[in-house]
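Enquirer: Please read through the structure below; I'll follow up with questions.
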Amino acid sequence: MLRTLILTIFSLNAFSQPLSDPNTWRGVTDQVMGGVSDLIIQHEDGVFYMSGNVSTENNGGFVRLSNSIKLLSNEVQGIKFKAKGNNETYEIHVTLKGLKIPPWSYFSKSFEVNDSWQQYEIFFSDLKLATGFTAASLKAKNIKDLSIAGYGRDFKVDLAIKDITLF
């Protein structure tokens, strides 16, 4: 009995990570590098709300809802979530552990939202290196951070996200 319980707990921790805990998410903007984009993150009844503005002024242009991922098994293939918003394009960003040139190199995939809840399923294998070089390969065990981002152009951010899980 104890042996089965230990294996079950190990399996749950090794192959998935709950992403619904609001305490594991944080807002990040281009203000860390002199940009002027702004972001407000709210969490209510299991839904994350992102609101603000992305501005390319001062070489900026991003806002992110970011989660520092713990150890994942390579069995994890991607992220699923439901989202709705203001008819804009947003992105999933993944940064990896290890050497990156430049240090902010990341992989990304875009998704579009409208004013109705939609289910999204994004495989890590569909992400593309957006900038630079990374020594680690894009495998789940190498993921450092996973973010939902408004990026690259001037626009108003109005996005609701829920039921975020890894699969």
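The values are calculated or read from the model by the stated rules, or taken from the named source; none is laboratory data. None of the values given here were measured: they were computed from a predicted structure. Cβ: placed from backbone, ideal geometry, glycine included. Neighbour counts: every protein chain shown.
Enquirer: Consider only pairs whose beta carbons are under 6 Å apart and that are at least six residues apart or on different chains; among these, list those whose first residue lies in region 149-167 and is farther than 12 Å from Gly52 by Cα and among the polar types (S, T, N, Q) and whose second residue is modelled with pLDDT of 95 or more and part of a strand (DSSP E or B).
Expert: Thr165/Lys80
Enquirer: Further question: Quick check on my filter: what residues within region 85-124 are basic (Lys, Arg) and touching a Leu at 6+ places or on another chain (Cβ under 8 Å)?
Expert: Initially, region 85-124 is screened for residues basic (Lys, Arg), giving 97, 100, 109.
Hit for region 85-124 is Lys109, nothing else.
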